[in-house]
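The values are calculated or read from the model by the stated rules, or taken from the named source; none is laboratory data. Predicted, not measured: the structure shown is a model, and the values here were computed from it. Note that we place each Cβ from the backbone using ideal geometry, even for glycine, and neighbour counts take in every protein chain shown. Ligands, DNA and RNA are stripped out before the accessible areas are found, and what is left, the full protein with its side chains, is counted by its heavy atoms. Shrake-Rupley method; radii C 1.70, N 1.55, O 1.52, S 1.80 Å.
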Amino acid sequence: MALTAPMRAELTQHLKDLHLPTIRECFVEQSEKARKEELAYERYLLELARRESEVRRDNRVARLMRESKLPLEKSLATFDQKRLPSRVSQQVQVLLDGSFLERHENVLAFGNPGSGKTHLLCAIGQELIQRGRRVLFTACSLLVQELLIAKRDLRLARVLKRFASFDAIIIDDIGYVQQNREEMEVLFALLADRYERGSVLLTSNLPFSKWEAIFKDPMTTAAAIDRLVHHSVILELNLASYRLEASKRAKE
Ligand code: ADP
Ligand code: MG
């Protein structure tokens, strides 16, 4: 027995109230298909549930991607993993499953400019988002400015709380811009706040031995390194610059 017009209108309203927009859009077409193919009721229901879930998942991933501020083009698909030293390659495979986030482990990527640190961490970030994780990408210098403004406006605690809601924060290029004491202090406050509470993924051209340039005094530098390294995976990308190699190849 087919649905009468009032029944269809009522069903549409229920699906609206229940926030099932995909089922609302496709149930007519799918019921015709089910009738034609003589599908069991359960098969029909399964198809509807599957479609609603898929669209919901895709929307969530898209929302997380926008929120993360990750550059779209720096994905795993566009990253040549064969360039990585085999040890780093193995570490990356482990990181991609995302379980390090539950352990609140950090990822510290070191290497000379152009070795692919930023691209690699962004690619990992995108994969984590595909698994439904909340990720935030920020250049260290921008992050510090945001924290300073928050501190000036007495909103530092609130901003740190917002950061705490992310499973992973990617801080790009720590130590690239020379920071003054006040800037270093807010950066340290963030790292201390996240310690054992959430993962930090960072890139740096500076080895730890030069981090005093970032955190100014030896005590703070040691404290910052200690917190970061305590539960961490260190990726050493001692590679030639990808840009340099690419331009050499282009000339040949
Ligand atoms: P770093 O952060 O170490 O300075 P980037 O990640 O910014 O280096 O890489 C420099 C450029 O080279 C970027 O455009 C990046 O996309 C590209 N690149 C680096 N390594 C790779 C790689 N293994 N595969 C593809 N592109 C890469
Ligand atoms: Mg970089």
## Note on the structure
Checked region 202-235 for anything hydroxyl-bearing (S, T, Y) and at pLDDT 95 or above; matches are T203, S204, S232
### Task
Being of a type in the set (S, T, N, Q), in contact (Cβ under 8 Å) with a residue 60 or more places away in the chain, under 23 Å from L206 (Cβ atoms) and surrounded by fewer than 17 Cβ atoms within 10 Å (Cβ to Cβ) narrows it down to one of N106, N112, so name that one.
N112
### Message
With the requirement that a residue be free of Cβ contacts under 8 Å to residues at least 24 places away in the same chain and over 17 Å from K69 (Cα atoms), what does region 131-149 give you?
### Response
I149
## Note on the structure
Exception for L128 within (1) farther than 18 Å from H230 by Cβ; (2) touching a residue at least 24 places away in the same chain (Cβ under 8 Å); (3) within 15 Å of ligand 1 (Cβ to nearest atom) falls at (3)
### Task
State all residues of region 133-164 that are touching a Gly at 6+ places or on another chain (Cβ under 9 Å) and closer than 24 Å to N59 by Cα; if no residue qualifies, say none.
R133, V135, L136, F137, F163, A164
### Message
F137 - would you say it is within 11 Å of the chain's Cα centre (by Cα), open to solvent by less than 30 Å² (accessible area, probe 1.4 Å) and closer than 29 Å to T78 by Cβ?
### Response
no
### Query
Any residue at all in region 115-124 that is loosely packed, with under 11 Cβ neighbours inside 10 Å, within 16 Å of F137 (Cβ to Cβ) and either within 11 Å of ligand 1 (Cβ to nearest atom) or at pLDDT below 95 (or both)?
no
### Task
List the helices (runs of 4 or more DSSP H) that sit entirely inside region 107-164 and contain at least 1 residues that are more than 22 Å from Q91 (Cβ to Cβ) and touching a Phe, Trp or Tyr at 6+ places or on another chain (Cβ under 8 Å).
140-152
### Task
Quick one: which residue in S199, S241, S204 is crowded, with 16+ Cβ neighbours inside 10 Å, within 15 Å of ligand 2 (Cβ to nearest atom) and of a type outside the set (D, E, K, R)?
S204
### Subset of region 197-224 (residues that are among the aliphatic types (A, V, I, L, M) and without any contact (Cβ under 8 Å) to a residue 24 or more places away in the chain)
M219, A222
#### Entry: Test set (1) outside any loop (DSSP other than H, G, I, E, B); (2) under 27 Å from the mean Cα position of the chain (by Cα) - R249 fails condition number
(2)
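Taking the stated definitions as given, is E38 open to solvent by 60 Å² or more (accessible area, probe 1.4 Å) and either within 19 Å of N59 (Cβ to Cβ) or in contact with a Gly (Cβ under 7 Å, 6 or more places away or on another chain) (or both)?
No.
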### Query
Any residue at all in region 86-100 that is surrounded by fewer than 19 Cβ atoms within 10 Å (Cβ to Cβ), more than 18 Å from L64 (Cβ to Cβ), charged (D, E, K, R) and within 16 Å of ligand 1 (Cβ to nearest atom)?
yes
#### Entry: Wholly within region 1-81, helices (runs of 4 or more DSSP H) carrying at least 1 residues that are in contact (Cβ under 8 Å) with a residue 60 or more places away in the chain and not basic (K, R)
41-68
### Query
Can you tell which of R152, R162, R194, R227 is in contact (Cβ under 8 Å) with a residue 24 or more places away in the chain and open to solvent by 80 Å² or more (accessible area, probe 1.4 Å)?
R227
### Query
Residues of region 155-195 being under 20 Å from the mean Cα position of the chain (by Cα) and among the polar types (S, T, N, Q), which ones?
S165
